[in-house]
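Scroll down for the structure; my scribbles are underneath it.
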Amino acid sequence: MPRPKQYDRKDILAPAMELFWARGYYATSIDDLVGATGVSRHGLYAEFRDKRGLFVAVMETYFETVVSPAFDRVEAEGAGLSDIRAYFETQIALAVARGLPGPGCLVANTMTESGPHDEAFGALVRRHLDRLNAGFRNALRSVCSGRRPEDSVDVGSLANFLMISAQGLWSVSRITPEPGPLRAYVDCLLRSIEERVTQ
């Protein structure tokens, strides 16, 4: 008769996320994960099948616990530029709390590390980018609808600009020791967006 599990799934995912986030997928070994989670190889394999399965579960946890709390406002009905700014500030504050230079964004890291070479990881990255793009489009449409006809602004291109800028910003945060340059970039970025939607 198999022994009952001595751990909870979420208690594995939290430390595993921290490890993958700091080191990346390829630089993190199963032995590293055993040490971080306190769960044996057998337990990890039984729960997630392999390291890839654990990483996919970690990415889902990251979407739920890191991305959604920062991005929910942008996706809400009636969102606007202040909500876009709040998204950036929330993530910068998180980076400051963790310590700059920090690990950046787990999705952006995965996009450059393994997304181009791994179909499953690439699909997770694309899903995240599509969500950001859709959320930014939602907020920009709200701004345009209150100020000028939406069809006079290329909302899709501006949303894509914001999405790509966000990923670049989180990558730069990995080598930035202070939050000032990150916030200055966001100010410049959002001023340029506001000028486009209000001209």
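I'm told residue 196 meets every condition in (1) surrounded by fewer than 15 Cβ atoms within 10 Å (Cβ to Cβ); (2) at pLDDT below 95; (3) farther than 27 Å from residue 27 by Cβ except one. Can you identify the failing condition by its number?
(1)
Quick one: residue 68 ticks every box in (1) under 30 Å from residue 191 (Cβ atoms); (2) among the polar types (S, T, N, Q); (3) surrounded by 18 or more Cβ atoms within 10 Å (Cβ to Cβ) except a single one, so which number is it?
Going through (1) under 30 Å from residue 191 (Cβ atoms); (2) among the polar types (S, T, N, Q); (3) surrounded by 18 or more Cβ atoms within 10 Å (Cβ to Cβ) one by one, residue 68 breaks only (3).
Being farther than 23 Å from residue 102 by Cα, touching a helix residue (DSSP H, G or I) at 6+ places or on another chain (Cβ under 7 Å) and of a type in the set (Phe, Trp, Tyr) narrows it down to one residue among 7, 62, 45, 25; which is it?
Values: 62 fails: farther than 23 Å from residue 102 by Cα; 45 fails: touching a helix residue (DSSP H, G or I) at 6+ places or on another chain (Cβ under 7 Å); 25 fails: farther than 23 Å from residue 102 by Cα.
Among 7, 62, 45, 25, only 7 is farther than 23 Å from residue 102 by Cα, touching a helix residue (DSSP H, G or I) at 6+ places or on another chain (Cβ under 7 Å) and of a type in the set (Phe, Trp, Tyr).
Out of curiosity, is residue 171 part of a helix (DSSP H, G or I), touching a helix residue (DSSP H, G or I) at 6+ places or on another chain (Cβ under 6 Å), surrounded by fewer than 19 Cβ atoms within 10 Å (Cβ to Cβ) and not charged (D, E, K, R)? Break it down into steps so the answer makes sense when it comes.
On the way: part of a helix (DSSP H, G or I): yes; touching a helix residue (DSSP H, G or I) at 6+ places or on another chain (Cβ under 6 Å): yes; surrounded by fewer than 19 Cβ atoms within 10 Å (Cβ to Cβ): yes; not charged (D, E, K, R): yes.
So residue 171 passes the test.
Hey, can you tell me all the residues within region 77-108 that are part of a helix (DSSP H, G or I), more than 19 Å from residue 133 (Cβ to Cβ) and out of contact with any Leu (no Cβ under 8 Å at 6 or more places or on another chain)?
Residues satisfying the conditions are 82, 89, 93, 94, 96, 97, 98.
Any residue that is of a type in the set (Gly, Ala, Ser), part of a loop (DSSP other than H, G, I, E, B) and under 30 Å from residue 144 (Cα atoms) - is there at least one of those in region 64-76? Talk me through it step by step, then tell me what you get.
Taking region 64-76 and keeping what is of a type in the set (Gly, Ala, Ser), we get 68, 70, 76.
Now narrow it down to the ones that are part of a loop (DSSP other than H, G, I, E, B): 76.
Narrowing further to those that are under 30 Å from residue 144 (Cα atoms): 76.
Yes: region 64-76 contains one or more residues that are of a type in the set (Gly, Ala, Ser), part of a loop (DSSP other than H, G, I, E, B) and under 30 Å from residue 144 (Cα atoms).
Does residue 119 fit the bill of being at pLDDT 95 or above, among the charged types (D, E, K, R) and either over 12 Å from the mean Cα position of the chain (by Cα) or surrounded by 15 or more Cβ atoms within 10 Å (Cβ to Cβ) (or both)? Please lay out each step first, then the result.
Values: at pLDDT 95 or above: no; among the charged types (D, E, K, R): yes; either over 12 Å from the mean Cα position of the chain (by Cα) or surrounded by 15 or more Cβ atoms within 10 Å (Cβ to Cβ) (or both): yes.
No; evaluated as a whole, the condition is false for this residue.
The values are calculated or read from the model by the stated rules, or taken from the named source; none is laboratory data. Note that this is a predicted model, so its numbers are computed, not measured. Note that we place each Cβ from the backbone using ideal geometry, even for glycine, and neighbour counts take in every protein chain shown.
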